[in-house]
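The values are calculated or read from the model by the stated rules, or taken from the named source; none is laboratory data. Remember, predicted model here, so these are calculated numbers, not experimental data. All Cβ positions, even for glycine, are placed from backbone atoms using ideal geometry, and neighbour counts span all protein chains on display. Keep in mind that these areas ignore ligands, DNA and RNA; they rest on the heavy atoms of the full protein, side chains included. Shrake-Rupley method; radii C 1.70, N 1.55, O 1.52, S 1.80 Å.
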Amino acid sequence: MRILYVTSEAFPLIKTGGLADVSGSLPAALRHLGEDVRILIPGYPQVLANLRDPQPLVELKWLPAVGNVHLIRGEMPDTGVPVIAIDHRELYDRGGNPYSDALGQEWSDNALRFGILSRIAAILSAQASPLVDWIPDIVHFNDWQGGLTAAYMRYSGAPHAKSVLGIHNLAFQGNFPPEWVEKLGLPRQAFAPEGFEFYGHLSFLKAGIYYADAITTVSPTYAREIQTAEYGFGLQGLLAHRARDLHGILNGIDTQEWNPAQDPHLPQNYDRKSLDKKAGVKQLLQQRLTLHENADAPLLGVVSRLTHQKGLDLLLHVAPALLEQGCQLALLGSGDPALEQGFMLLAQQHPQQVSVSVGYNENLSHHIMAGADMFVMPSRFEPCGLNQMYGLRYGTPPIVRRTGGLADSVTDTNEFTLRHKTATGFVFDLATPEDLLATLRRALTSFGDKEQWKTIQLNGMKTDLDWNRSAQAYLEIYRSLV
Ligand code: ADP
Ligand code: GLC
């Protein structure tokens with residue numbers, strides 16, 4: 001099967017979050033199953049610089065609003081998956097990240113930058129595609145950035161591939177003022193509730209939900225949650241209406257990149273049989289972050305975007321109580337300035353117990369994942385979440401809220417799950433400081449019982465987190481469409 005995988009980020013070319021991890025892994029896993037996958041991605045400078053063996057592919061002429069566009073073909077540097085990059089200097093050759101400038105301000109022409117991504121995806125998915133020898137059967141486009149793909153396909157009138165929208169986060173919808181309808185060459189009559197209009201705006205994500213042949217999201221629980229008012233961000237009605245075409249498939253993880261036995265980011269490697277070496281990684285992390293070197297102090301790890309979604313304000317709230325109990329905290333992340341400042345203040349007040357690194361740091365993220373005793377992820381909502389799965393694999397039991405992919409990937413510790421060797425972490429229900437603190441205290445009690453703790457660690461490390469099963473599930477959906 002020929003599959004065009006449309007994404008705005010893909011590890012290791014460019015990454016701001018979990019979408020990049022998935023875009024790096026899922027196409028590779030599909031290829032491993034024998035499918036013919038190509039990734040379509042904007043040619044940001046990092047993409048053009050990191051692409052293996054880049055070559056001119058084709059020139060698309062006279063695209064509305066942007067003129068001529070060159071497509072470059074190359075390969076993913078690690079997996080060799082073919083990549084098509086959109087080379088357009090004016091749109092993509094900028095600093096900052098794919099969505100915003102260095103100060104965090106969103107690019108004012110994002111509607112155009114990602115409208116073009118969608119438009120080109122539609123052009124390449126048509127039977128009359130300029131890539132004459134490669135006509136896709138499936139176009140799998142992701143999040144709001146690819147959201148207009150199926151709408152462009154519908155209104156081109158030409159025969160085309162089947163379309164699948166992958167939702168990684170319903171909170172980001174790509175809603176723009178109505179004048180963009182015309183600027184992006186979309187038909188005015190479709191600016192309606194039965195179309196891509198959403199509360200007076202052009203909504204990229206709603207367009208995807210409305211026009212795609214099938215919709216996937218990244219965990220079964222999230223697929224159910226987004227059909228309710230609490231998690232649907234206003235789109236719950238339409239999602240419920242499309243429930244028959246909506247599938248929740250839990251993400252896997254890249255088990256090469258995230259493998260404590262051979263992770264080059266770690267000062268020392270370990271696996272299930274040499275789990276005691278994890279203590280050395282912890283000691284070196286305490287040194288690196290100038291925390292008090294104490295093997296017995298429970299070290300809590302956090303690597304996260306600092307946003308309302310991630311619920312870290314709850315952790316900040318209960319941190320003083322935890323520090324009083326002798327805990328340490330190693331946090332890496334960036335985002336909401338108030339949260340950044342809150343955690344930095346805590347670190348100033350407790351330099352031996354709290355370390356806060358603001359920014360993005362691939363190497364430190366691996367070191368925290370391995371060196372921490374437990375990983376905290378109190379998300380208010382979490383479509384899938386990857387870090388809790390990295391925690392499982394690194395023998396760092398996750399403390400998570402029962403929502404989305406967190407609920408689907410972590411099994412709470414209790415008498416029953418201990419007896420059946422299924423306990424892998426600690427799960428709480430309410431997004432309140434009280435519920436989080438009570439659950440952290442449960443985890444600390446368990447941490448004090450060395451044997452029980454090791455059982456929980458080993459259960460997690462044995463969990464099957466590979467992409468293979470999920471890739472099979474995607475394939476079944478593709479097959480059902482063609
Ligand atoms: P989301 O995509 O919502 O941010 P995920 O858990 O799916 O959440 O994925 C986040 C990914 O980004 C993980 O691979 C995580 O390690 C990484 N990450 C997040 N913040 C940072 C950071 N400050 N430095 C390094 N990696 C980070
Ligand atoms: C989004 C979600 C996260 C998910 C990731 C990859 O960023 O917030 O929960 O793991 O996409 O699907």
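Structure notes:
- Inter-label distance, GLN46 to LYS421: 4.1 nm, where each label sits 7 Å from its Cα along the C-beta direction.
- Note on the chain: with charges restricted to the Cβ of Lys and Arg (+1) and Asp and Glu (-1), its dipole about the Cα centre is near 580 debye.
- Taking amide H as placed 1.01 Å from N in the peptide plane, VAL83 has its amide H under 5 Å from the amide H of ILE39, GLY74, GLU75, MET76, each at least 5 places away in sequence or on another chain.
- Heavy-atom accessible surface of region 74-207: percent carbon and sulfur, 1.4 Å: 51
- ASP133 exposes around 120 Å² of accessible area when a 1.4 Å probe is run over every protein chain in place.
- The relative contact order of region 272-461, computed from alpha carbon pairs under 8 Å that lie at least 6 residues apart in sequence, is 21 percent.
- Projecting the Cα atoms of GLY359, ALA438, PRO398 onto the charge dipole of region 272-461, computed from C-beta unit charges around the Cα centre, puts PRO398 farthest toward the positive end.
- Theoretical FRET efficiency, 1/(1+(r/R0)^6), r = Cβ-Cβ of GLU230 and ASP53, R0 56 Å, to 0.05: 0.75
- Region 358-442 - percent relative contact order, Cα under 8 Å, separation 6 or more: 24
- Nearest-ten-degree value, helix 362-371 long axis tilted from longest Cα axis of the chain: 40
- Taking label positions 7 Å along the Cα-Cβ direction at both ALA192 and ASP78, the computed distance is 4.7 nm, reported to one decimal.
- Per-residue SASA remark: TRP180, around 30 Å² accessible (1.4 Å probe; ligands, DNA and RNA not included).
- In terms of accessible area, using a 1.4 Å probe and ignoring ligands and nucleic acids, HIS317, HIS140 rank largest first as HIS317, HIS140.
- Euclidean distance of C-alpha centroids, region 126-161 and region 176-251, integer Å: 18
- Note on region 241-350: with neighbouring protein chains present and a 1.4 Å probe, carbon and sulfur make up 49 percent of its accessible heavy-atom surface.
- Averaged over its residues, region 272-461 has an accessible area of 39 Å² per residue, based on protein heavy atoms and a 1.4 Å probe.
- With θ taken as phi - 60° and the Karplus curve 6.51 cos²θ - 1.76 cosθ + 1.60 applied, the whole-hertz 3J(HN,Hα) list for region 323-328 is 5, 4, 7, x, 6, 10 Hz, x standing for glycine and proline.
- For region 180-233: accessible area per residue (Å², 1.4 Å): 40
- GLU476-GLN348 pseudo-label distance in nm [points 7 Å out on the Cα-to-Cβ vector]: 5.5
- Candidates per GluC sites (Glu not before Pro) in region 146-244, loop by DSSP, up to 14 other Cβ within 10 Å: GLU194, GLU230
- Within the straight-line cut-off of under 29 Å between alpha carbons, the lysines reachable from LYS421 are LYS273, LYS277, LYS278, LYS282, LYS310, LYS450, LYS454, LYS462, sequence neighbours fewer than 8 places apart in one chain being disregarded.
- Cα principal axis extents for region 272-461, largest first, Å: 43, 34, 30
- Cα gyration tensor category, rounded, prolate or oblate, for the chain with a/c compared to 1.5: prolate
- LYS450 contributes an accessible area of around 120 Å² to the protein surface, as traced by a 1.4 Å probe with all chains present.
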